[in-house]
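Values quoted throughout were computed directly from the atomic coordinates according to the rules given, and no laboratory measurement underlies them. Small disclaimer: the values here were computed from a predicted structure and weren't measured. Quick reminder, even Gly has a Cβ in these numbers, built from the backbone with ideal geometry, and neighbours come from all protein chains shown.
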Amino acid sequence: MKDIYISFDVETNGPIPGPFSMLSIGCAAYEYPKNLISTFERNLETLPEAGEHPDTMKWWKGFPDQYQICRANQVPPKDAMLDLLAWQKSLPGKSTFAAFPSGFDFTFLYWYMVDVTKTNSFAFSCVDIKTYAMALLKSDYRRSSKRCLPKHWFSKELPHTHGALDDALEQGEMFMNMLIQNNGGYRGSN
């Protein structure tokens, strides 16, 4: 069974799941080398008892248009997670999630999946792209932030907008370029 890498990004209204909510999730499924198979995106209703973190909401004030986009067409969290699960199962291989940084995004994804659907279908299959960059560059973790990464890993066509699907596509292309380079086949970005 072939590997499918799901680059994913979440937008939230706070630093941790439960007391705060996931507002949006975007996923881009790739097979090596850099074949985009499918995408998934949902905007979620906030959790009934959750609040908004003041620092996060202050940050969102810098991106008012994107905040409005991630609040459009909201679905209940359970529906979003069940849709995500069905989408993941429809992919033609065994999936591994990838995020930058996974410590934040996967925390929300995993918490929502377990709390809302009472299942753990994702297991713990998640690559932290920043750690992968650190290993590939033989660098320190702190020197593996996006501003320190080689420019040829980034797509000129895919901006980082703070939209969940946009950001999942942007980091998915970056991760695929990293995999290609690591496997000795890097020929420049398409």
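List of remarks:
- Reachable lysines from K130, criterion Cα separation under 28 angstrom, eight or more residues apart if same chain: K2, K34, K58, K61, K89, K94, K138, K146, K151, K156
- DSSP beta bridges in the chain [antiparallel fraction, %, rounded to 5]: 60
- Taking every alpha-carbon pair under 8 Å whose residues sit at least 6 apart, the chain reaches a relative contact order of 28 percent.
- Protection proxy ranking of 3-13, 140-150 - average other beta-carbon atoms within 10 Å, highest first: 3-13, 140-150
- Value at 222 nm in deg cm²/dmol, rounded to 500, when DSSP H runs of n ≥ 4 in the chain each add -39,500 (n - 2.57): -12000 deg cm²/dmol
- Cα centroid separation - the range 84-122 against the range 144-181, whole Å: 20
- A simple charge model with +1 on the Cβ of Lys and Arg, -1 on the Cβ of Asp and Glu and nothing else charged puts the dipole of the range 104-190 at about 440 debye relative to its Cα centre.
- For the chain, the membrane-span-like helices by this rule, meaning whole DSSP H stretches whose C-alpha atoms cover at least 15 Å of axis and whose Kyte-Doolittle mean is -1.0 or above, are 77-90, 102-117, 164-182; this says nothing about an actual membrane.
- Loop-located trypsin sites (Lys or Arg not before Pro) in the range 48-114, at most 13 other Cβ atoms within 10 Å (DSSP): K61
- Charge context of S95, other residues only, Cβ under 14 angstrom, K/R +1, D/E -1: +1
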